[in-house]
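Starting off with a structure, shown below.
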Amino acid sequence: MSKETGKQLKRGDYEVHKGIYKANARGFGFVVFGDEEEDVFVYQEDSGGAFDGDQVEFIITKAVTGRRREGKVIRILSHQIVKVVGLYEKHKNYGFVRPDNPRIKKDIYITTGAEKDAVTGQKVVVELLSYGSELTGPEGKVIEILGFVGEPGTDILSIVKDFGLPLEFPEKVSNQALRVGKPVSEADSSGRLDLRDVTTITIDGEEAKDFDDAISLTREGENYKLGVHIADVTNYVQEGSALDREALKRGTSVYLADRVIPMLPSVLSNGICSLKVEEDRLTLSCIMTVSPKGELIDHLLMETVIRVDARLTYASVAEMLTSGKEETLTTSEAKILMTDEAELLTTGEIQAGISTPEIYEMCEGLAILSKAIRKQREKRGSIDFDFPETKITLDETGKPIEIKPYERNVATNLIEDFMLLANETVAEEYFWRDSPFLYRTHESPEADKIRKLRLFINNFGYNIRAGNEVRPMEIQKLLHEIEGVPEEMLISRLTLRSMKRAQYLPENKGHFGLAAKHYTHFTSPIRRYPDLQIHRIIKETIRGRMSPERVEHYQKILPAVAAEASRLERRAEEAERETIRLKKAEYMKEYLGDKFDGVISGVTKWGLYVELPNTVEGLVHINNMWDDYYDYVEDSYELVGEMTGKVYKLGQKVRVRVTGVDLWRRTIDFEVLY
């Protein structure tokens with residue numbers, strides 16, 4: 001039935017479209033189709049029983065200018081979800097599986113004999129045998145038992161299986177990794193630029209296991225020669241090999257709260273491809289000549305062989321640069337790690353011929369250069385949304401014992417600056433070569449979203465100058481203007497929501513957020529397939545093998561590689577986000593009834609989202625706001641009390657109490673105290 005007319009809809013009365021149905025945990029959904037700027041809203045009763053990700057035929061039932069269009073699913077063409085993870089419950093002659101995925105609203109019916117010995121309280125994987133209809137539920141069979149609820153690791157494993165993340169490597173892939181993962185020989189190094197005598201360091205987190213980037217720095221007169229050295233993974237992962245096919249299938253390494261699911265087997269990712277101290281490694285190096293003002297003067301892109309002299313951590317470098325004391329590199333616990341056993345250096349020598357003062361001087365130079373490079377990037381309008389990421393510490397059973405914002409410091413910033421510069425430099429070279437390539441693109445925001453943002457910020461006295469297209473400089477200027485003001489979080493979040501999602505494309509469309517005309521991902525081939533793919537292109541070009549046949553080959557495969565890499569990146573991000581939500585809910589279960597200060601991070605018609613200083617976010621449902629009846633004002637993102645006139649808006653500080661935690665839905669409920 002049409003919400004607008006109440007009349008029965010007929011296929012011939014409307015234009016039929018095809019799209020992908022995206023379910024929402026609250027029951028309704030959207031259909032994404034074509035190049036439309038706005039999705040089509042679908043009420044739960046108009047979904048036709050579609051599952052999240054289904055390809056559907058639909059009709060638009062309401063299209064009012066200035067409002068979201070509404071539609072109705074009339075036919076399901078294909079299903080994306082074929083397996084479901086959930087909690088098994090046994091009844092007398094049958095069973096049910098309650099899906100973990102809140103977007104699947106119906107339980108899965110399991111006939112006797114299809115439960116695979118599962119018992120009540122176990123998490124299981126179900127293969128769907130039928131998807132049901134608007135009136136009947138779906139049916140399936142248990143194909144894997146994951147463990148009982150509450151057993152260590154079962155919660156994260158359930159998310160892994162729900163997202164279809166591959167855990168074990170096929171035997172053929174593992175065997176191939178063992179065969180190729182041999183120590184670097186002189187024959188392997190032949191024909192490469194030998195940089196083993198150049199002082200080279202890695203700077204990573206204390207818990208890092210794989211090191212795919214190292215840096216070096218020397219001076220040439222007043223200029224700097226900055227080397228960004230990246231593991232030459234393509235030397236071990238040949239195109240079309242079992243390793244390559246598996247890497248493409250995975251797309252990216254996935255970093256979950258209690259584990260890493262690597263793109264490559266550990267014998268490569270943590271072994272021969274990892275730039276370890278005092279071991280020869282094959283690399284692809286971008287050696288850049290940079291002026292004291294941070295301007296790129298020249299660069300060289302070469303196959304190289306390096307030997308890392310020292311492993312430094314973000315914490316040690318930041319402490320040293322902040323305190324101005326080089327002793328922190330040798331006396332602080334776990335600051336410079338020379339071996340996998342975290343052996344600490346207590347002497348003044350980091351390696352024969354490499355002294356602590358030499359490393360200290362190099363780090364000082366890196367910090368100075370980083371500041372200059374960052375200033376150049378800011379000068380052109382690069383945007384930095386400084387929202388805190390979450391760091392979760394687990395005990396040996398997987399229980400969260402600490403949650404806090406991940407700390408950014410001078411060391412993390414300088415590595416980011418150098419990697420960004422290398423990525424831009426490589427992208428620009430291959431753009432001008434007119435070579436087949438993979439770019440990391442971030443397109444300009446849609447004009448309508450910027451128009452809405454401009455109207456909103458005008459209420460606070462701010463403005464964005466924009467004609468047909470907004471410039472990054474205008475967004476950067478806005479973010480600088482709101483630093484430290486009460487509405488900073490409010491405007492920052494709305495500005496971020498106005499941006500498009502970055503993606504991989506074989507065409508260069510620039511990177512709006514970085515205000516970069518050319519950008520790619522070159523620096524992480526151990527954990528990202530696009531980086532691995534462009535390394536092949538670069539090496540074939542360096543070796544003079546980019547023939548017309550190879551150009552045609554890459555032009556043929558790159559669109560599919562880009563699309564798949566973008567899809568798998570989104571899958572990884574969603575899985576990572578779900579594990580964080582789960583562990584936050586588990587952590588806050590210990591604080592039921594406790595009070596916290598927080599900031600309103602989201603305002604919707606169903607309530608307020610409040611974020612605590614430790615990054616935990618919970619919902620104050622509108623039904624639990626007892627003191628008044630609140631109306632949602634969409635244009636200003638506010639809830640306004642009808643009788644009291646009390647206003648709740650984004651960025652506002654509030655005091656809340658934890659009233660509920662749902663581990664299944666991974667949600668936290670608050671109530672506002674004042």
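Of the labelled options (1) 44, 31, 28; (2) 42, 28, 23; (3) 43, 31, 24, which one gives semi-axes √(5λ) of the Cα gyration tensor in Å as computed for this structure?
Step by step, semi-axes √(5λ) of the Cα gyration tensor in Å for this structure corresponds to label (1).
Something else about it: Take the alpha carbon gyration tensor of the range 11-78, find the square roots of its eigenvalues, order them as a ≥ b ≥ c, and report rounded if a/c is under 1.5; if not, report prolate when a/b exceeds b/c, else oblate. Don't skip to the end; give the middle numbers.
Values: a/c = 1.41, a/b = 1.15, b/c = 1.22.
Since a/c stays below 1.5, the shape of the range 11-78 is classed as rounded.
Related question: For the Cα atoms of the chain, what angle does the longest principal axis make with the long axis of helix 472-481, in degrees from 0 to 90, nearest 10?
With rounding to tens, the tilt is 80 degrees.
While we're on this one: Residue farthest toward the positive end of the dipole of the chain, with Cβ of Lys/Arg at +1 and Asp/Glu at -1: which of Asn413, Leu366, Ala565?
Going by the charge dipole, the pick is Ala565.
Next up: Report relative contact order for the range 377-520 in percent, whole number only (criteria: Cα-Cα under 8 Å, sequence separation at least 6). If you can, show how the numbers build up before the last one.
On the way: 183 pairs, mean separation 56.2, N = 144.
The normalised contact order for the range 377-520 reaches 39 percent.
Near Lys556, which lysines are there with a Cα under 21 Å away, not counting those fewer than 8 places off in the same chain?
The qualifying lysines are Lys249, Lys509, Lys539.
Let me ask you something else. Do you know the relative contact order of the chain, to the nearest whole percent, from alpha carbon pairs under 8 angstrom that are 6+ apart?
Details: 1359 pairs, mean separation 63.4, N = 674.
Worked out over the chain, it gives 9 percent.
For the range 384-414 and the range 516-560, what is the centre-to-centre distance using only Cα atoms, to the nearest Å?
With the range 384-414 and the range 516-560 each reduced to a Cα centre, they are spaced 33 Å.
Could you tell me the distance between the Cα centroids of the range 172-205 and the range 79-145, to the nearest Å?
That distance is 48 Å.
For Phe387, Phe163, what ranking results if the residue with the fewest other Cβ atoms within 10 Å of its Cβ goes first?
Values: Phe387 12, Phe163 18.
The order, fewest Cβ neighbours first, is Phe387, Phe163.
Mind putting a number on the dipole of the range 186-272 about its Cα centre? Charges go on the C-beta only, +1 for Lys and Arg and -1 for Asp and Glu, and I need it in Debye to the nearest 20. Mind dumping the intermediate values first?
Details: 9 positive and 17 negative charges, 50 e Å.
Once rounded to the nearest 20, the dipole reads 240 debye.
How many nm is it between the label spots at Ser323 and His621, if each spot is 7 Å from the Cα in line with the beta carbon?
The answer from the label model is 5.1 nm.
Here's something else I'd like to know. Note the angle between two axes, namely the Cα long axis of helix 488-497 and the longest principal axis of the Cα atoms of the chain, as a number of degrees from 0 to 90, rounded to the nearest 10.
Roughly 90 degrees between the two axes.
Another question about this same structure. Using the Cα gyration tensor of the range 99-249, with a ≥ b ≥ c the square roots of its eigenvalues, what is the shape: rounded (a/c below 1.5), prolate (a/b larger than b/c) or oblate (neither)? Provide the component values of the computation, followed by the final result.
On the way: a/c = 3.34, a/b = 2.57, b/c = 1.30.
The shape class here is prolate.
Sort Ser47, Ser435 by Cβ crowding within 10 Å, fewest neighbours at the top. Mind showing how you got there, number by number?
On the way: Ser47 24, Ser435 18.
Ordered from fewest to most neighbouring Cβ atoms within 10 Å, Ser47, Ser435 come out as Ser435, Ser47.
Quick one: Phe670, Phe58, Phe460, fewest Cβ neighbours within 10 Å first, how do they rank?
Details: Phe670 28, Phe58 24, Phe460 14.
In order of increasing Cβ crowding within 10 Å: Phe460, Phe58, Phe670.
Additional query: Explain nothing, just the number: dipole magnitude of the chain about its Cα centre with +1 on each Lys and Arg Cβ and -1 on each Asp and Glu Cβ, in debye rounded to the nearest 20. Write out the running numbers ahead of the final one.
Numbers: 93 positive and 113 negative charges, 441 e Å.
It comes to approximately 2120 debye.
Give the angle, between 0 and 90 degrees and rounded to the nearest 10, that separates the Cα long axis of helix 410-432 from the longest principal axis of the Cα atoms of the chain.
90
Could you tell me which of rounded, prolate or oblate describes the range 78-159, using a ≥ b ≥ c as the square roots of the eigenvalues of the alpha-carbon gyration tensor, with rounded for a/c under 1.5 and, failing that, prolate when a/b is larger than b/c and oblate otherwise? Don't skip to the answer; put the middle values down first.
Numbers: a/c = 1.88, a/b = 1.28, b/c = 1.47.
Oblate is the answer for the range 78-159, as a/c is 1.5 or above yet b/c matches or exceeds a/b.
Laboratory data are not the source of any read-out in this text; all were calculated from the coordinates shown. Since this is a predicted model, take the numbers as computed values, not measurements. Note that we place each Cβ from the backbone using ideal geometry, even for glycine, and neighbour counts take in every protein chain shown.
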